[in-house]
Amino acid sequence: MSSSMQIDGSMGEGGGQVLRIVLSLSALFKIPVKINNIRARRSKPGLATQHLKGVELLKNMCNAELHGAYIGSTDLEFKPGHSHADKTDTFFVDTGTAACICLLVQVALPYVLFLPRRDAVRLILKGGTNSPMGPHVEYLIEVFRPMLNKFGADFDCRVIKKGYYPKGGGEVHLYIKPVHTLKAVTLTDPGMPHKIFGYAYVTGFVSISGAYRIANDVKSTLRKGLNENNISVPPINIEVYKEDKSVATNRTTGINVICTTTSGCIIGGSGMNFVHPEIPPGVQAANEILDTILERSCVDKYMQDQLIILMALAKGMSRINLGKTKLTCHTQTAIEVTEMILSKFGFHFKLCENKDARGDTLYSLECEGCGYENKIVR
């Protein structure tokens with residue numbers, strides 16, 4: 001593997017995101033890579049179970065040659081081969097932990113979308129559906145999927161069983177149909193809040209009253225924040241539930257909130273007692289929704305970096321309004337990695353600044369995608 005592209009895994013935020021983007025693009029473009037200093041900026045550097053299972057999933061999909069794939073490894077060589085999609089339509093991963101299932105989706109989805117086949121591929125993923133260190137499955141379904149639809153792709157997600165931190169044990173089946181190409185996306189108008197809904201939950205020996213308290217915190221925090229900024233308060237509907245003790249025995253409380261806007265944007269927010277114990281989960285989630293609305297962004301901070309690889313692969317110019325907030329550290333890292341891997345295409349992302357009528361500086365992100373095509377699907 002002497003001809004492998006050398007990647008410094010400590011670049012940018014220096015976490016697992018570097019690994020996920022590098023491997024996805026490596027598999028798609030058949031670029032051998034050698035990654036050093038994996039997760040060097042984390043308290044426990046190297047591959048954790050979450051990352052190792054993602055590596056193994058892509059390896060199985062593209063028949064890659066692999067070296068250095070073990071827990072704690074800080075160096076990895078990945079040489080993609082030819083797809084196994086003609087031999088199987090199902091790929092299975094069991095993390096055996098509460099490792100975030102949605103992060104497994106992030107590493108696999110771009111590759112699966114362009115597999116050389118017309119029929120759907122099934123991913124069976126076991127691990128954490130609701131973990132503190134990654135997107136929750138509700139975000140995947142209610143926020144990310146509609147965004148993917150705007151790029152002209154889709155998946156069906158079936159939650160067989162929830163899996164909560166720290167036990168895990170969740171199971172999700174994803175059915176992804178390959179596409180010919182991704183469409184460029186233009187999101188410039190954030191609109192105004194149209195509808196807000198969400199799901200508040202408790203597990204283990206926590207009383208259902210805890211879920212109602214979280215729901216009330218969300219509603220009161222949102223109403224207060226919107227009223228103070230002279231923004232009409234839309235209908236707010238929060239479902240509450242208590243997980244069966246067979247699913248989770250630990251004391252977990254949390255919520256996922258989704259806000260749709262009048263222009264068709266969808267943003268998300270979440271809260272969990274393991275993330276910021278000093279802040280009630282309902283207040284956490286509501287503040288994340290409020291931040292995006294008040295910044296007048298078309299996407300929330302968690303969506304920003306997930307868009308980078310989709311914009312890079314799409315055909316045409318994509319433009320995303322980020323409002324008053326510049327790029328997150330994760331987004332800056334995603335751009336740096338993507339531009340490095342795809343340097344031969346000569347494209348780059350551009351951060352534009354504009355002044356609005358109030359004199360506020362607003363930012364937008366642009367990219368002329370490389371127009372990656374699946375020759376099998378038309």
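Once neighbouring chains are kept in place and the probe is 1.4 Å, which whole percent of the accessible area of region 13-85 is contributed by carbon and sulfur?
46
How many times 2.2 N^0.38 Å is the alpha carbon radius of gyration of region 73-136?
Normalised Rg, Cα atoms only: 1.27.
Grab the Cα-Cα distance for Gln6 and Ile376, subtract it from 0.36 nm times how many residues apart they are, and report the gain in nm with one decimal.
Stretched fully, the Gln6-Ile376 segment lengthens by 130.1 nm.
Roughly speaking, what is the stretch gain from Thr328 to Phe92, that is 0.36 nm per residue apart minus the C-alpha to C-alpha distance, in nm to one decimal?
Working it through step by step, the gained length comes to 81.7 nm.
Work out the P(r) tail for region 147-189: percent of alpha carbon pairs separated by more than 16 Å, whole number.
In whole percent, the share of Cα-Cα pairs in region 147-189 beyond 16 Å is 56.
Over the Cα atoms of region 237-360, what is the Rg over Rh ratio if Rh follows Kirkwood?
Result for region 237-360 is an Rg/Rh of 1.06.
Quick one: if you stick a label point 7 Å off each Cα along the C-beta vector at Arg42 and Met340, how many nm between them?
Placing both labels 7 Å beyond Cα along the Cβ direction yields 1.7 nm.
By per-residue mean of other Cβ atoms within 10 Å, what is the highest-first order of 57-68, 247-258?
Descending packing order for the listed peptides: 247-258, 57-68.
May I ask you to work out the translational diffusion coefficient for the chain at 20 °C, viscosity 1.002 mPa s, via Stokes-Einstein with Rh from the Kirkwood sum over Cα pairs, reported in whole µm²/s?
101
Mind pulling the per residue volume of the convex hull built on the Cα atoms of region 200-286? Å³ is fine.
Convex hull volume per residue, Cα atoms: 97 Å³.
Relative contact order of region 74-212: what whole-number percent is it, with Cα pairs under 8 angstrom and at least 6 residues apart?
Reported as a whole number, the value is 26 percent.
Just subtract the alpha-carbon distance of Phe205 and Cys352 from 0.36 nm times their residue separation and send over the number in nm, one decimal.
Length gained, Phe205 through Cys352: 47.9 nm.
For the pair Arg118 and Leu66, how long in nm is the line joining their label points, each one 7 Å along Cα→Cβ?
According to this spin-label approximation, the distance is 3.2 nm.
Taking Cα pairs under 8 Å and at least six residues apart, what relative contact order does region 191-261 come out at, in percent?
Rounded, it is 59 percent for region 191-261.
Counting each DSSP H run of 4 or more residues in the chain as -39500 (n - 2.57), what helix-only mean residue ellipticity at 222 nm follows after dividing by all residues, to the nearest 500 deg cm²/dmol?
So the calculated ellipticity at 222 nm is -9000 deg cm²/dmol.
How large is the accessible surface per residue of the chain, computed with a 1.4 Å probe and reported in Å² as a whole number?
On a per-residue basis, 42 Å².
For the chain, calculate the relative contact order in percent as a whole number, restricting contacts to Cα pairs under 8 Å that are 6 or more residues apart.
It comes to 15 percent, rounded to a whole number.
Just report the Cα centroid separation between region 156-176 and region 1-65, whole Å.
24
In whole Å, what three semi-axes, largest first, describe the equivalent ellipsoid of region 251-314 built from its Cα gyration tensor (square root of 5 times each eigenvalue)?
Ellipsoid semi-axes (Å, largest first): 25, 15, 9.
What's log10 of I(q)/I(0) for region 1-147 at q = 0.11, 0.12, 0.19, 0.20 Å⁻¹, Debye sum over Cα points only, no solvent?
-0.39, -0.47, -1.19, -1.31
Round to a whole angstrom and tell me the spacing of the C-alpha centers of region 303-336 and region 225-264.
For region 303-336 versus region 225-264, the Cα centre distance is 26 Å.
The values are calculated or read from the model by the stated rules, or taken from the named source; none is laboratory data. All values derive from a computational prediction rather than experimental measurement. Backbone-built Cβ (ideal geometry, glycine too); neighbour counts: all protein chains shown. Side chains are part of the model used for accessible areas, which takes the heavy atoms of the whole protein and leaves out ligands, DNA and RNA. Shrake-Rupley method; radii C 1.70, N 1.55, O 1.52, S 1.80 Å.
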